[in-house]
Amino acid sequence: MLTNVPKITDHNHIPSEFLLLGTYPNFWEPERDEYFYNFKGTHLVIFSFSTTKKGKYMTNQVELPLEVLPWVTKQLRRFDTPERLGGIPSDKVAETIEFRGEHIGISCGPCVGGPDIPGYTVWNSARKDDFFDTVQDYQLPIPWLDSGFRDFWKSMSDKFFPQGWV
(Lines give C-alpha, C1' and ligand atoms only; values in the text may rest on other atoms or scores of the structure.)
Protein backbone atom coordinates (compact mmCIF):
# COMPACT_ATOMS: atom_id res chain seq x y z
CA MET A 1 0.00 0.00 0.00
CA LEU A 2 1.36 3.40 -1.03
CA THR A 3 1.99 6.09 1.54
CA ASN A 4 -0.47 8.92 0.96
CA VAL A 5 1.59 12.06 0.39
CA PRO A 6 -0.57 15.20 0.42
CA LYS A 7 -0.26 17.70 -2.40
CA ILE A 8 1.38 21.00 -1.65
CA THR A 9 -0.91 23.62 -3.14
CA ASP A 10 0.83 26.85 -2.10
CA HIS A 11 4.52 27.47 -1.44
CA ASN A 12 3.57 29.97 1.28
CA HIS A 13 1.55 27.40 3.24
CA ILE A 14 3.50 24.15 3.50
CA PRO A 15 1.79 21.49 5.67
CA SER A 16 3.64 20.82 8.94
CA GLU A 17 4.46 17.20 8.05
CA PHE A 18 6.94 18.46 5.42
CA LEU A 19 10.51 19.34 6.42
CA LEU A 20 12.46 21.54 3.98
CA LEU A 21 15.75 19.88 3.02
CA GLY A 22 16.87 22.63 0.66
CA THR A 23 16.26 24.55 -2.52
CA TYR A 24 18.07 24.50 -5.82
CA PRO A 25 17.69 26.61 -8.98
CA ASN A 26 15.65 25.03 -11.76
CA PHE A 27 17.73 23.94 -14.78
CA TRP A 28 15.42 25.50 -17.36
CA GLU A 29 14.56 28.64 -15.35
CA PRO A 30 17.49 29.33 -12.97
CA GLU A 31 15.69 32.29 -11.41
CA ARG A 32 13.04 29.87 -10.12
CA ASP A 33 13.90 27.49 -7.26
CA GLU A 34 12.79 23.92 -6.78
CA TYR A 35 12.03 22.85 -3.23
CA PHE A 36 13.10 19.53 -1.72
CA TYR A 37 11.13 18.24 1.25
CA ASN A 38 11.15 15.21 3.48
CA PHE A 39 7.63 13.96 4.14
CA LYS A 40 7.30 12.21 7.52
CA GLY A 41 10.65 10.44 7.16
CA THR A 42 9.44 8.29 4.27
CA HIS A 43 9.48 10.35 1.08
CA LEU A 44 11.46 12.90 -0.85
CA VAL A 45 9.04 15.43 -2.30
CA ILE A 46 10.29 17.72 -5.06
CA PHE A 47 8.02 20.75 -5.43
CA SER A 48 8.09 23.62 -7.86
CA PHE A 49 5.70 26.36 -8.84
CA SER A 50 5.38 29.07 -11.45
CA THR A 51 2.97 31.78 -12.45
CA THR A 52 1.94 31.98 -16.09
CA LYS A 53 1.83 35.25 -18.03
CA LYS A 54 -1.91 35.26 -17.42
CA GLY A 55 -1.35 34.98 -13.65
CA LYS A 56 -2.29 31.32 -13.23
CA TYR A 57 -0.45 29.63 -10.33
CA MET A 58 0.86 26.22 -11.38
CA THR A 59 2.55 23.60 -9.19
CA ASN A 60 4.40 20.36 -9.79
CA GLN A 61 5.19 17.69 -7.22
CA VAL A 62 7.24 14.50 -7.57
CA GLU A 63 7.12 11.94 -4.74
CA LEU A 64 9.86 9.35 -4.33
CA PRO A 65 10.66 6.99 -1.45
CA LEU A 66 13.49 8.52 0.58
CA GLU A 67 15.74 5.53 -0.23
CA VAL A 68 15.96 6.89 -3.76
CA LEU A 69 18.55 9.43 -2.57
CA PRO A 70 21.52 7.05 -2.12
CA TRP A 71 20.26 4.70 -4.84
CA VAL A 72 20.29 7.45 -7.49
CA THR A 73 23.73 8.58 -6.30
CA LYS A 74 25.00 5.03 -6.83
CA GLN A 75 23.30 4.65 -10.22
CA LEU A 76 24.75 7.93 -11.52
CA ARG A 77 28.21 6.65 -10.53
CA ARG A 78 27.50 3.33 -12.27
CA PHE A 79 26.43 5.10 -15.49
CA ASP A 80 29.73 7.02 -15.40
CA THR A 81 31.84 3.90 -14.74
CA PRO A 82 33.03 1.57 -17.52
CA GLU A 83 31.28 -1.80 -17.53
CA ARG A 84 34.54 -3.68 -16.89
CA LEU A 85 34.89 -1.72 -13.61
CA GLY A 86 31.35 -2.48 -12.40
CA GLY A 87 29.45 0.14 -14.35
CA ILE A 88 26.13 -0.31 -16.11
CA PRO A 89 26.55 -2.26 -19.38
CA SER A 90 26.85 0.03 -22.39
CA ASP A 91 23.78 -1.48 -24.04
CA LYS A 92 21.58 -0.85 -20.99
CA VAL A 93 19.83 2.50 -20.62
CA ALA A 94 17.83 1.98 -17.40
CA GLU A 95 17.92 0.48 -13.92
CA THR A 96 14.87 -0.19 -11.74
CA ILE A 97 14.16 -1.11 -8.13
CA GLU A 98 11.21 -1.55 -5.75
CA PHE A 99 10.92 0.47 -2.56
CA ARG A 100 7.91 -0.37 -0.36
CA GLY A 101 5.71 -1.15 -3.36
CA GLU A 102 6.86 1.78 -5.48
CA HIS A 103 8.59 0.94 -8.77
CA ILE A 104 11.46 3.40 -9.25
CA GLY A 105 13.72 3.71 -12.24
CA ILE A 106 16.52 5.79 -13.67
CA SER A 107 17.23 5.99 -17.37
CA CYS A 108 19.68 7.90 -19.52
CA GLY A 109 18.84 9.74 -22.68
CA PRO A 110 20.43 12.06 -25.26
CA CYS A 111 17.88 14.90 -24.97
CA VAL A 112 16.77 14.99 -21.32
CA GLY A 113 17.58 18.68 -20.82
CA GLY A 114 16.49 19.74 -24.31
CA PRO A 115 17.82 19.14 -27.81
CA ASP A 116 21.30 17.58 -27.58
CA ILE A 117 21.44 17.96 -23.77
CA PRO A 118 21.95 14.46 -22.35
CA GLY A 119 20.96 13.41 -18.88
CA TYR A 120 18.94 11.07 -16.72
CA THR A 121 15.30 10.71 -15.76
CA VAL A 122 14.28 9.33 -12.37
CA TRP A 123 10.71 8.02 -12.41
CA ASN A 124 8.15 6.51 -10.09
CA SER A 125 5.60 4.38 -11.96
CA ALA A 126 3.49 3.95 -8.80
CA ARG A 127 2.51 7.63 -8.81
CA LYS A 128 0.85 9.65 -11.54
CA ASP A 129 1.73 13.16 -12.63
CA ASP A 130 -1.43 15.24 -12.13
CA PHE A 131 -0.82 17.52 -15.09
CA PHE A 132 0.25 15.14 -17.86
CA ASP A 133 -1.43 11.91 -16.64
CA THR A 134 1.87 10.03 -16.91
CA VAL A 135 4.17 8.60 -14.26
CA GLN A 136 5.90 11.09 -11.98
CA ASP A 137 9.43 11.79 -13.11
CA TYR A 138 12.31 14.15 -12.52
CA GLN A 139 14.92 15.14 -15.11
CA LEU A 140 18.62 15.44 -14.31
CA PRO A 141 20.41 17.07 -17.28
CA ILE A 142 24.16 16.39 -17.22
CA PRO A 143 25.22 20.08 -17.38
CA TRP A 144 23.04 20.70 -14.29
CA LEU A 145 24.43 17.68 -12.46
CA ASP A 146 27.98 18.79 -13.26
CA SER A 147 27.39 22.40 -12.15
CA GLY A 148 26.58 21.43 -8.56
CA PHE A 149 23.27 19.56 -8.47
CA ARG A 150 25.01 16.18 -8.11
CA ASP A 151 26.67 17.47 -4.91
CA PHE A 152 23.37 18.94 -3.68
CA TRP A 153 21.60 15.58 -4.22
CA LYS A 154 24.41 13.72 -2.43
CA SER A 155 24.25 16.14 0.50
CA MET A 156 20.54 15.35 0.92
CA SER A 157 21.37 11.64 0.73
CA ASP A 158 24.12 11.97 3.34
CA LYS A 159 21.64 13.53 5.81
CA PHE A 160 19.57 10.35 5.87
CA PHE A 161 21.98 7.69 4.63
CA PRO A 162 25.52 8.63 5.75
CA GLN A 163 26.76 5.15 4.76
CA GLY A 164 25.43 5.60 1.22
CA TRP A 165 23.69 2.80 -0.62
CA VAL A 166 24.19 -0.47 1.27
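Answer yes or no: is there a residue in segment 99-112 that is in contact with a Phe, Trp or Tyr (Cβ under 9 Å, 6 or more places away or on another chain), of a type outside the set (Val, Ile, Thr), part of a loop (DSSP other than H, G, I, E, B) and closer than 25 Å to Leu21 by Cα.
Of the residues in segment 99-112, the ones in contact with a Phe, Trp or Tyr (Cβ under 9 Å, 6 or more places away or on another chain) are 99, 103-109, 112.
From the residues that got through so far, the ones that are of a type outside the set (Val, Ile, Thr) too are 99, 103, 105, 107-109.
Those still in the list that are part of a loop (DSSP other than H, G, I, E, B) too: none.
Looking for residues that are in contact with a Phe, Trp or Tyr (Cβ under 9 Å, 6 or more places away or on another chain), of a type outside the set (Val, Ile, Thr), part of a loop (DSSP other than H, G, I, E, B) and closer than 25 Å to Leu21 by Cα, one finds none in segment 99-112, hence no.
Only one of these conditions is not met by Gly22: (1) under 18 Å from Gly119 (Cβ atoms); (2) touching a helix residue (DSSP H, G or I) at 6+ places or on another chain (Cβ under 7 Å). Which number is it?
For Gly22, the failing item is (1).
Just to be sure I understand the filter: pairs with C-beta atoms under 9 Å, separated by 6 or more residues or on different chains, first member in segment 90-109 and closer than 16 Å to Arg77 by Cβ, second member hydrophobic (A, V, I, L, M, F, W, C) and part of a loop (DSSP other than H, G, I, E, B). Which pairs pass?
Every condition considered, the pairs that remain are Ala94/Ile88; Glu95/Ile88; Ser107/Val93; Cys108/Ile88; Cys108/Val93.
For segment 99-113, name all the residues that are surrounded by fewer than 12 Cβ atoms within 10 Å (Cβ to Cβ) and either of a type in the set (A, V, I, L, M, F, W, C) or within 25 Å of Asn26 (Cβ to Cβ) (or both).
Taking segment 99-113 and keeping what is surrounded by fewer than 12 Cβ atoms within 10 Å (Cβ to Cβ), we get 101, 110-111.
Hits for segment 99-113 are Pro110, Cys111.
Does Thr96 meet the test of being surrounded by fewer than 17 Cβ atoms within 10 Å (Cβ to Cβ) and either touching a Phe, Trp or Tyr at 6+ places or on another chain (Cβ under 6 Å) or of a type outside the set (Lys, Arg) (or both)?
Working: surrounded by fewer than 17 Cβ atoms within 10 Å (Cβ to Cβ): yes; either touching a Phe, Trp or Tyr at 6+ places or on another chain (Cβ under 6 Å) or of a type outside the set (Lys, Arg) (or both): yes.
Here the answer is yes, as Thr96 does meet what is asked.
Please determine whether any residue of segment 78-94 is in contact with a Leu (Cβ under 6 Å, 6 or more places away or on another chain) and either more than 21 Å from Phe27 (Cα to Cα) or not charged (D, E, K, R) (or both). Please lay out each step first, then the result.
Of all residues in segment 78-94, those in contact with a Leu (Cβ under 6 Å, 6 or more places away or on another chain) come to none.
Scanning segment 78-94, I find no residue that is in contact with a Leu (Cβ under 6 Å, 6 or more places away or on another chain) and either more than 21 Å from Phe27 (Cα to Cα) or not charged (D, E, K, R) (or both), so the answer is no.
Filter segment 115-138 for residues that are modelled with pLDDT of 95 or more and closer than 24 Å to Pro6 by Cβ and give the result.
Matches in segment 115-138: Val122, Trp123, Asn124, Ser125, Ala126, Arg127, Val135, Gln136, Asp137, Tyr138.
The values are calculated or read from the model by the stated rules, or taken from the named source; none is laboratory data. A quick note: this is a predicted structure, and the numbers were derived from the prediction, not measured. All Cβ positions, even for glycine, are placed from backbone atoms using ideal geometry, and neighbour counts span all protein chains on display.
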